[in-house]
Every structure is written in C-alpha cells, then in structure tokens.
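This report concerns only the one structure given below.
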Ligand SMILES: Cc1cc2nc3c(=O)[nH]c(=O)nc-3n(C[C@H](O)[C@H](O)[C@H](O)COP(=O)(O)O)c2cc1C
C-alpha cells in the first residue's frame, strides 16, 4: 500500500483538481499505483454489481504518442464544432478563470504524448438509441468509478484530468487499443505525479444557487 498524504476526506473531495500544467512529465508512474487506484475505483456502486468496467492503461511510449495524436486531432474537431461560439461567444467565457482553463487545456493538448500513463475507462454496451434508463444505468456505472480513481490518485501524490475530447474520434482510439465495438469509452485520463501536492478548492456556484428544498427553484426560505 502506498504512503498517503495527510488529507481529510473533505480535503480530498474539495482539492482533487483537473491537473494539467502540474503533471510531472519526468517522473515514471509505477504500474502498482495505477492498479491500487483501480482496485479502489472498483468499489464504486454499479448497476446489479455487473462490474462491467474495464480500464486500458497505456505506458508504451509509441502507443501514448499515437493516442496523443488522436487527442490533438479531436481537439481540432471540437474547435470546428463550436463554429462561431468561440472567444466571447463561448458559453463558458464568463466562468471565473475561463482564460486560465483555456491555456491549461492547450498545455495538456501539447504535452499529452509526454504523460507517463494514459487510462481509458470503458464499459460494455452502447448508449446510442438506448432508453434513458439504460443510458443512466450504463453511465451511472462508470462515472463514479472513474471519479473514485481520480480521488484515489490524490492522496498518493498523483493527479489526472477528466477529458472527453478524444471521443470525437472514439473509433480511432478503439482500433488503436483493440477495444471491441460493443464497448463505450468514457474518456481519456492522463496519470502522473503532481508537481507539488498542495491544491485548493476551485470556484463553483454557491450552494444557495443549486440546492432547492421541496420545489425546484425554491431556496431555503
Ligand atoms: C465530463 C468532463 C469532460 C472534460 N473534458 C475535458 C477535456 O476534454 N480536456 C480537458 O483538458 N479538460 C476536460 N475537462 C476538465 C474540466 O475542464 C475541469 O474539470 C473544469 O475546468 C474544472 O476544473 P477543476 O476540476 O480543476 O475544478 C472535463 C471535465 C469533465 C467533468
């Protein structure tokens, strides 16, 4: 078992950030640490306890480079798909820190090939045309598992960033990694030690704005 940073559960929950610029691209990540965090991720709840999660962890440098190229091309797809909704027209432009997020996203895009380990979580089944029940069950059986993985990295001094951009080119990634067609990829997760271990809570909407009691739209009054 790895040595853990002295963080309370609340500190882990409030300081597990999207780490991009502070990924240590020089320090190798032992496979055992990835396995330890996946073991914790496997404790997440999942529909009928089917354990339909699979995680493809990649540390082969040539494969990482090809994954980074897919991510880069998909980022171009994403920018193209935004059309005129860029710059000040971008829906997220008014979010506090939007410019820093943009710079950080660009940094990860440029350095993805140098990240020690890339993890692609997948689940058995496809959601295209599926009922809402099926969609919620399939996504609901992977998301918290992956978030547990990210939370488990944090006290071990590692970090990641939830990314979905490459899903514009999901099939290309599936072919590269040999993922069967009936599996759905949930995202791409860079894994590295972090440069320093101090992280802070980020801006989020205040609870008063998002928590309603008894009727949607009604605050505590
Ligand atoms: C579903 C989802 C998709 C995301 N996709 C990307 C992505 O493709 N690339 C990226 O650099 N960050 C991506 N992010 C990270 C978000 O930009 C980040 O979580 C957000 O800016 C808040 O930062 P914080 O988590 O450090 O508070 C994604 C996050 C989520 C939850």
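Observations
- Computed over the chain, the per-residue total of -39500 (n - 2.57) for DSSP H runs of n ≥ 4 gives a 222 nm mean residue ellipticity of -11500 deg cm²/dmol, rounded to 500.
- Contour excess over end-to-end distance, with Cα ends at residue 57 and residue 210 and 0.36 nm allotted per residue: 51.5 nm
- Taking the number of Cβ atoms within 10 Å of each Cβ as an exposure proxy, the fewest-first ranking of 188, 25, 167 is 25, 167, 188.
- Over segment 155-221: Rg over Rh, Cα atoms, Kirkwood Rh: 1.19
- When each of the peptides 202-212, 169-179, 95-105, 138-148 is scored by how many other beta carbons lie within 10 Å of its residues on average, the order from highest to lowest is 138-148, 169-179, 95-105, 202-212.
- Most fluctuating residue given options 42, 112, 50, as computed from a GNM of the chain linking Cα atoms under 10 Å: 50
- Treating r as the C-beta distance of residue 134 and residue 49 and R0 as 22 Å, the FRET efficiency rounds to 0.85.
- Descending semi-axes in Å of the chain, equivalent ellipsoid built from Cα gyration tensor: 26, 23, 22
- Fraction of beta bridges assigned by DSSP in segment 9-210 that are antiparallel (%, nearest 5): 95
Bear in mind that the values in this text are calculations on the coordinates, not laboratory data. On a predicted model such as this, the values are computed, not experimentally measured, just so you know. Please note: Cβ atoms are built from the backbone with ideal geometry, for glycine as well, and neighbour counts cover all protein chains shown.
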